[in-house]
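Data first, discussion second: the structure below is written as structure tokens.
The values are calculated or read from the model by the stated rules, or taken from the named source; none is laboratory data. None of these values were measured; they are calculated from a predicted model. As a convention, Cβ positions derive from the backbone with ideal geometry for all residues, glycine included, and neighbour counts pool all protein chains shown. SASA here: full protein model, heavy atoms, side chains in, ligands and nucleic acids out. Shrake-Rupley method; radii C 1.70, N 1.55, O 1.52, S 1.80 Å.
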Amino acid sequence: MESLILDRRRYYFGFDYTSDLVVSPLIDDPRAMAAFASEYMRQRTGRHDAAYWEGLVTLAVEGTALAGDDAERIVASEDLRGGLPDAASHLLYLLGAATGWDDWFEEAPEVRRAYQRLGFDEEDPEFVDHCLEAVREHGTQARPDEWTVVRFHLTAAVRHLPGNWDLLFTPLAEGMTNHR
């Protein structure tokens, strides 16, 4: 069980630590999260009642197994609209975990070509981080292939989000239009 704060409101979500995948929608009510988890989520020890999950919801407020720093769990939509996320950030990690770590290059051959021109290995899970670092350091004009990859990856990921995860990530996609 994990939680984050978006625009001063706490949201809870289920997380499969073994698979690095988000397994629930964002839920802003602790009891509703516990009820959801008791109905749809399982631990290695099997099914548990809502009271069990209420304890895990409480722990999700106190700390996280995902974010290195509790400050990374606090997000403002306006900040997402205003800038590029940091490479290797908790936010990018959650975007990957919520979308199943998919790449959508088949949707845009020009992005695959940019990726290939950059010489990335097909198995490199951190290619977006590398591209983000280059764009943040040198700008979008100086690094057009990197910008092509970053812009497409972030906006495509948002189009493929499950459930209500667009609450968190739509402002990030909107912010992509602010960069030139």
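Side notes on the structure shown:
- Some residue of the stretch 102-114 being hydrophobic (A, V, I, L, M, F, W, C), in contact with a helix residue (DSSP H, G or I) (Cβ under 9 Å, 6 or more places away or on another chain), within 23 Å of LEU21 (Cα to Cα) and not in a helix (DSSP H, G or I): yes
Table: residues versus (1) surrounded by 19 or more Cβ atoms within 10 Å (Cβ to Cβ); (2) closer than 16 Å to TRP165 by Cα; (3) touching a strand residue (DSSP E or B) at 6+ places or on another chain (Cβ under 6 Å).
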| position | (1), (2), (3) |
| --- | --- |
| GLU2 | yes, yes, yes |
| TYR12 | yes, yes, yes |
| TYR17 | no, no, no |
| VAL23 | no, yes, yes |
| ARG31 | no, no, no |
| ALA34 | yes, no, no |
| ARG42 | no, no, no |
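- Taking the criterion of being of a type outside the set (Lys, Arg) and more than 12 Å from the chain's Cα centre (by Cα), the residues of the stretch 156-170 that qualify are ALA156, GLY163, ASN164.
- Contact map, the stretch 147-172: first residue touching a residue at least 60 places away in the same chain (Cβ under 8 Å) and farther than 20 Å from ASP79 by Cβ, second residue open to solvent by less than 30 Å² (accessible area, probe 1.4 Å) and part of a loop (DSSP other than H, G, I, E, B), Cβ cut-off under 6 Å, separation 6 or more or different chains; pairs are HIS160/THR99.
- Residues satisfying the stated conditions in the stretch 96-125, i.e. closer than 16 Å to LEU154 by Cβ, among the aliphatic types (A, V, I, L, M) and more than 19 Å from the chain's Cα centre (by Cα): ALA108, VAL111, ALA114
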